[in-house]
Structure formats: structure tokens, C-alpha cells
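Notes follow once the structure below has been shown.
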Amino acid sequence: MIDQIALNIPIRLRRNRKMDSIRKMVQETRLSPCDFVAPIFVIDGEKKRVAIESMPGVERLSIDLAVKEAKELHAQGIQSVALFPVIDPSLKTPEAPEAWNEDGLLARAIREMKFALPELCVMADVALDPFTSHGHDGLANEKGEILNDETIECLIQMSLMQARAGIDFVAPSDMMDGRVAAIREALDDEGFHNVGILAYSAKYASALYSPFRDALKVRLGFGDKKTYQMDPANSREALLEAALDEEEGADILMVKPATLYLDIIAKLREQSKRPIAAYHVSGEYAMVMAAHNAGYINAEKVFYESLLSIKRAGADMIFSYAIKQVLPLIC
């Protein structure tokens, strides 16, 4: 038997950890279903679901099944979805007019989602990469340079198409200079004052996007995205990007990816009073699932800890593919 030794330790922090009820009472950061935005990959057809090999547990869904998925998530407290269209290769061109097709896959998905769930917040990216034959987020010239101002004209058309379809937030993810101001002005001129802008303000040229591009069937025809997405080495630049987007009229500021950029989220939280979104991206999801399937870790617990760290860093909302794994732990 071990003799108890009474030491003079007046401050014992373990007193607040001794019981689950106390731990819950003093918990500083909590995850709620309301914190999450659920990404949904949409394909043409009916009653179609296609597994995404690089993202175990995630599927491409036809619009009818996407609506069903959204209803199930909403019933569990999820308040928002982000729609990502998987475009038929025959519709992809260098000029990407399919991006603002009023009868295209994305427009139809937005309309049907809002008709079925008018109380659900629906978002969609504004960028050309799902629609361009070369896989870049903007128009390109013969030298392979991504054209900033010409691309913005396309992004405006894409934003207006989404607004007419009933979108709640357009989410420019292209990282073109000046696009937030141009989109805001165009939306207001057309009377869409209540359509919000969630700006991908600090979107880094990350190595963690490959499964997402696989899900969208996007392949780069040349080069990389480093001339418009941010250098992972830079933090002050991220704060400048976010400040400019806020000044131009962004309602929500995004940091992408999330867990490798918690310092950016925290610094942006100190700088801005705007809501901050963080994208827990496909590579972050895929790595955990690969380790889980190999028996090395428990995916649900790691996802919970990862998403909690993003919220603790200062994010108000989190885009994540791991929502279904985490919901049972927080509901």
C-alpha cells in the first residue's frame, strides 16, 4: 500500500479534471452541428452514387440523392451545405461557359436544394476549375498565364447565375485580385443584396488538394496554381489578403487548408471581426482515413480532435468531409 504524502500544493488544476461532469462544465471549446458546412459532390443523373476511392466514405451523388443527404444532415443539426459539381468532360472548354449555364448541373442542384430545404443555407464555389479543360481556376492565354481581369468577368457571370438559382452565399475560391469587390457590385446591381460572399481569402497552394481534384475529376493541363494561390511560407500576406477581401465586401473569410494553418486562423481571428471559415480539406481527411483503415489510429477520435483544434484556433465554421464521423461524438 502506498502511503499518502500531503504536500503544500495550493493550486491543484486536476480538481477540475476529476469527473466527466466537471470536465464538461469547464470545457473552453465545444463543437456543435451548427459549426459545420457539409461539402457535397453532385453528378448528373438520378439515384446515382459513386464512391470516391481516394476519400473513403465520401461519394458523388445525383441531385436527388444530394437533397436526401442534405435533409438527413439538416435533421441532425447541420445548417449549411456547399455544392461542388462534377462536370462531364465534354462540357469543359478553355473559356468555361458551362460555369454560368442557367440550366447546368450546378444551377439545377442549387434550385432543387433550396426548393426542398428553403431553410438550409446553400453555398457554392465561384471558380472555373471544374469547368475548364485545362483545370485552372481562371482563363489562360497562349503562354499559360492565368488572366486576372478577364477571369473576373467570368466569375461575375457565375455568381449571378448562382444568385438567380437561389444561392445564399457565393464562395469565390479562385484567388484573383479584386474579385470580391467586382462580384459584390454585380450582385448589388442586379438586386441580390442579400446574397452573401464567403471569400476564400487565404487559400494556399497546398499539396493536400489531390483527393478533391480526383473527386471533381479535375486535371491540370499545364503548370501549377502557385501564381494565384498563396505560398505556404507566408502569413502576413494571408492577413493582407483577408483585409482586402473584408474591405471589398466579403461577409465571411476563409482559410484553406485548416489544420496545417491554425496559426493563420488564430492571427486572422485577432485581426478581424468578421466570421471566419476554415476548410478541413480532402487531403486532411484522406490521411486520417488511410491510417484508420490500416489500424493505426481511430478516425472518429482524430477527426474530433482535429476539428476541435480548428474551432479553438478561432474558426466560426468548418467545411469538413468528416462530419458524419464526428456528429455522434457531439450530439
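Each value in this text was obtained by applying a stated rule to the coordinates, not by laboratory testing. Predicted, not measured: the structure shown is a model, and the values here were computed from it. With ideal geometry, Cβ positions are generated from the backbone for all residues, glycine too; neighbour counts draw on all protein chains shown.
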Across region 128-249, what fraction of all alpha-carbon pairs, as a whole percent, falls in each successive 5 Å bin from zero upward?
2, 11, 20, 22, 21, 16, 7, 2, 0
Rounded to 10°, Cα long-axis angle of helix 299-313 versus longest principal axis of the chain
80 degrees
Going by how many other Cβ atoms sit within 10 Å of their own, how do His280, His74 line up, fewest first?
His74, His280
Antiparallel DSSP beta bridges within the chain, as percent of all bridges there, nearest 5:
10 percent
Looking at Gln4, Val50, Val37, which one has the Cα that reaches farthest to the positive end of the dipole of region 1-56 (charges on Cβ: Lys, Arg +1; Asp, Glu -1)?
Gln4
Using Cβ contacts closer than 10 Å as the measure, can you line up Ser90, Ser272 from fewest to most?
Ser90, Ser272
Exposure proxy check: Thr227, Thr151 ranked by fewest other beta carbons within 10 Å?
Thr227, Thr151
Would you list, by chain and number, the aspartates and glutamates whose Cα falls below 12 Å from the Cα of Lys143, excluding same-chain residues fewer than 8 positions away?
none
Give the share of C-alpha pairs in each 5 angstrom bin for region 173-235, from 0 to the last occupied bin, in whole percents, shortest bins first.
4, 14, 19, 20, 15, 14, 11, 4, 0
What angle do you read, to the nearest 10 degrees and between 0 and 90, between the alpha-carbon axis of helix 148-165 and the longest principal axis of the chain?
80 degrees
Pairs of alpha carbons in region 187-330 whose separation is greater than 19 Å (percent)
56 percent
Based on the Cα gyration tensor of region 81-170, what are the three equivalent ellipsoid semi-axes, each the root of five times an eigenvalue, rounded to whole Å and given largest first?
25, 13, 10
Nothing charged except the Cβ atoms of Lys and Arg (+1) and of Asp and Glu (-1): what's the magnitude of the dipole of region 255-331 about its Cα centre? Round to the nearest 20 debye.
240 debye
Cross-link candidates for Lys48: which lysines have Cα within less than 18 Å, leaving aside residues fewer than 8 places away along the same chain?
Lys68, Lys71, Lys217
I'd like the GluC sites (Glu not before Pro) in region 1-68 restricted to DSSP loop residues with at most 13 other Cβ atoms within 10 Å, sorted by number.
Glu28, Glu46, Glu53
One-quarter of the Cα convex hull surface for region 31-330, in nm²?
14.4 nm²
Could you name the aspartates and glutamates whose alpha carbon sits less than 16 Å from that of Lys24, not counting residues in the same chain fewer than 8 places away?
Glu305
Does anyone have the angle between helix 282-293 and the longest principal axis of the chain? Alpha-carbon axes, 0 to 90°, nearest 10?
50 degrees
